[in-house]
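The values are calculated or read from the model by the stated rules, or taken from the named source; none is laboratory data. All values reported here derive from a predicted model rather than from experimental measurement. Every residue, glycine among them, receives a Cβ derived from its backbone with ideal geometry; neighbour counts consider all protein chains shown.
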Amino acid sequence: METYRHIDVRPVSGALGAEIRGVDLKAPGEAAWNEIRAAFLDRLVLFFPDQQLEPKEMAAAGAQFGQPDHYPFIEGLPEEPYVIPLIKEADERKNFGEGWHSDTTYTEKPPKATCLYSVDLPEIGGDTLFANMYLAYDALSDGMKALLAPLKAVNSAAARKDGGRASGNNYQSVKLINRDQDLEGIHPVVRTHPETGRKALYVNALHTMRFEGWTEAESKPVLKFLYEHNQRPEFSCRHSWSVGTFAIWDNRAAQHFALNDYHGQRREMRRMSIAGDVPV
Ligand code: SIN
C-alpha cells in the first residue's frame, strides 16, 4: 500500500477505487499531483468529491494525467471542445456506457484514461461500476493464459452501444457526430500496462467482436467466458455519485459500466478522454 502525505486516500473496495479527500482540484500543488498520479496507478479509479469545476477547469485537471483527446462520436462543449456532455433526459431510455467496457478500444490508440464530472444526478440510481483487469488476468489458469497470450482482438465501433448507430440511440441533448464512421482497432487480448508493467485482460463486451484470424462464432464461447470472468464481484467496486465529483479511471487496466436504472429522472455528466498509446 502506498503512503501519501499530501492527499487523503480512502480505498473503496479491495479490488480498486479510492476516494481522494482534502484536495481542491483547481490548485492542489505539484506535490499533491504527484501523489494523485501514484494513487491513480495503484487504485485505477479515483473519485474527488465536493469539487466545483467549470469545463475548462475540468479539462485542466484531466490534463495533469496526459494530453486531452477528442471522443469521436459526440460534439464537445463550445467553451471546451475536449469535454463532451453526457445527458440522459427524464423521457429517454438509453444511456451512454451501459455494458462492461474499456473506452473506444476500436481506435488505434485508445485513451489512457477518462475523466467524468457529475453535474445533475437522479435521486436514486445512475451509479457506475468499475472492474480491475489486472486481477481478472491474474485469476486465470495457466492454460487459459497460454491460449490468450498470442491472440489479438478485433474491436469495432459498428458494434458499440454507447450512442452509435447500433444502439438506435437518438439523444435529444447531445450532438452526435461521425455517425457513419466505422472505426476498428486490433489489440492484444492481454496488454502490458506501459507504466506498471503488469498484465491486464483487454477484451470487452461492448466493442470486441472476435479474435483476429478467428470467426465470430469461434470466438464467442471464449469471449463469453472472459466477459463473465471479468465481472466477478471480487474484481469490482461501485460508485454512487454526488454532484460535483470528478472521477478519473485507467482504461488500460480497468473496465466500467454505467448503470441505466433511473428511467424518468435526469442525469448529466461531463466527460473527457486522455490520449493513450498503441496497446502492446
Ligand atoms: C462512460 O461509459 O464513459 C460513462 C460512464 C457513466 O456515465 O457513468
Boolean, residue 176 is on the phi < 0 side of the Ramachandran plot, at pLDDT 95 or above and within 16 Å of the ligand (Cβ to nearest atom): no
Failed condition for residue 51, given (1) polar (S, T, N, Q); (2) touching a Lys or Arg at 6+ places or on another chain (Cβ under 9 Å); (3) over 21 Å from residue 238 (Cβ atoms): (3)
Search result, residues across the range 51-103 that are away from the ligand (no atom under 15 Å from the Cβ), farther than 18 Å from residue 246 by Cα and touching a helix residue (DSSP H, G or I) at 6+ places or on another chain (Cβ under 8 Å): 79
All positions within the range 124-159 that are within 16 Å of the ligand (Cβ to nearest atom) and either without any contact (Cβ under 8 Å) to a residue 60 or more places away in the chain or buried (at least 18 other Cβ atoms within 10 Å of the Cβ) (or both): 126, 128, 130, 131, 133, 155, 157, 159
Close pairs from the range 86-109: first farther than 24 Å from residue 224 by Cβ, partner within 10 Å of the ligand (Cβ to nearest atom) and among the aromatic types (Phe, Trp, Tyr), Cβ under 7 Å, at least 6 apart: 86/96
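Condition first: hydroxyl-bearing (Ser, Thr, Tyr), part of a helix (DSSP H, G or I) and closer than 14 Å to residue 105 by Cβ. Can you find one or more residues in the range 197-220 that meet it?
No, the range 197-220 has no match at all.
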Flag if residue 48 is farther than 14 Å from residue 244 by Cα, buried (at least 20 other Cβ atoms within 10 Å of the Cβ) and aromatic (Phe, Trp, Tyr): no
